[in-house]
1. Could you list all residues from the range A:40-59 that are over 18 Å from A:Thr21 (Cβ atoms) and more than 10 Å from chain B (Cβ to nearest Cβ)?
2. How many residues are crowded, with 22+ Cβ neighbours inside 10 Å and over 14 Å from the mean Cα position of the chain (by Cα) when one looks only at the range B:87-121?
3. Looking for whichever is within 14 Å of chain B (Cβ to nearest Cβ) and surrounded by fewer than 13 Cβ atoms within 10 Å (Cβ to Cβ) here; the options are A:Phe70, A:Phe13, A:Phe8. Which one fits?
4. I want to confirm something. Restricting to the range B:23-72 and keeping residues that are under 22 Å from B:Val119 (Cα atoms) and among the basic types (Lys, Arg), which single residue is farthest from the other protein chains (Cβ to nearest Cβ)?
5. With B:Ile51, B:Ile70, B:Ile58 as the choices, which residue is in contact with a Lys or Arg (Cβ under 6 Å, 6 or more places away or on another chain) and on the phi < 0 side of the Ramachandran plot?
Amino acid sequence: IDMTQSPFTLSAFIGDRVTITCRASQNINKWLAWYQKKPGKAPKLLIYKVSTLGSGVPSRFNGSGSGTEFTLTINNLQPDDSANYYCQQYNTQLITFGQGTQLEIK
Amino acid sequence: EVLLVESGGGLVKPGGSLRLSCTASGFTFSNYNINWVRQAPGKGLEWVSSISSTSTHIHYADSVKGRFTISRDNAKNSVYLQMNSLRADDTAVYFCARDLLFGGQSPFDYWGQGTLVTVSS
């Protein structure tokens, strides 16, 4: 299953709201997760099963969607949100990630 | 505290082999599926392989099938990735990651810090 994220890069100000989109090449039901990845660090699970927050993840992060179209929304952007974001489908045993979205905080 | 620590990375020539280890602590290792995920320099995340808690179910990405072998030793709280016939495009940081949930579909909740594998002559 191919996962296509958009945009590839994103730039926004502190306090802004941003949205990242992920499209699956076929129906993945609700088996969609989002990760935050910073250079030199391990990925961090933000959201799973489309909209369930990971442990310790602030409520500024919100996931939605179904079937093949999904979005990650980050509200009230903070400097620490500068990172790469990846969607992941785990509907099948052959797990796939989106190509990533680089978020820059101005 | 849940910890996953990878080791075994390094520099290897094309066609060579390397064995990565992932040693876990802080949880009941034998209950959880474990995965390997890699990130090539400047690239995104790529799932490589997964192994179920009892080694019953094993899966590989097409890019490594037939060259990589995943295994585990629950007595040693460890998962291994034997990598053979290595190619330049296998160069990446390799992470091990734990499934969040028992059985069925699951994302990955805990990750190691990664080990770098460089394939170059």
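1. Within the range A:40-59, A:Leu53, A:Gly56, A:Val57, A:Pro58, A:Ser59 qualify.
2. Looking only at that region, the number is 1.
3. Details: A:Phe70 fails: surrounded by fewer than 13 Cβ atoms within 10 Å (Cβ to Cβ); A:Phe13 fails: within 14 Å of chain B (Cβ to nearest Cβ).
Criteria check complete, one pass: A:Phe8.
4. Looking at residues that are under 22 Å from B:Val119 (Cα atoms) and among the basic types (Lys, Arg), I get B:Arg67.
5. On the way: B:Ile70 fails: in contact with a Lys or Arg (Cβ under 6 Å, 6 or more places away or on another chain); B:Ile58 fails: in contact with a Lys or Arg (Cβ under 6 Å, 6 or more places away or on another chain).
Sole residue among the options that is in contact with a Lys or Arg (Cβ under 6 Å, 6 or more places away or on another chain) and on the phi < 0 side of the Ramachandran plot: B:Ile51.
Read-outs throughout are calculated quantities, based only on the coordinates presented, and are distinct from any laboratory measurement. Everything quoted here is computed from the prediction, not taken from an experiment. Using ideal geometry, Cβ is built from the backbone for each residue, glycine included, and neighbour counts are taken over all protein chains shown.
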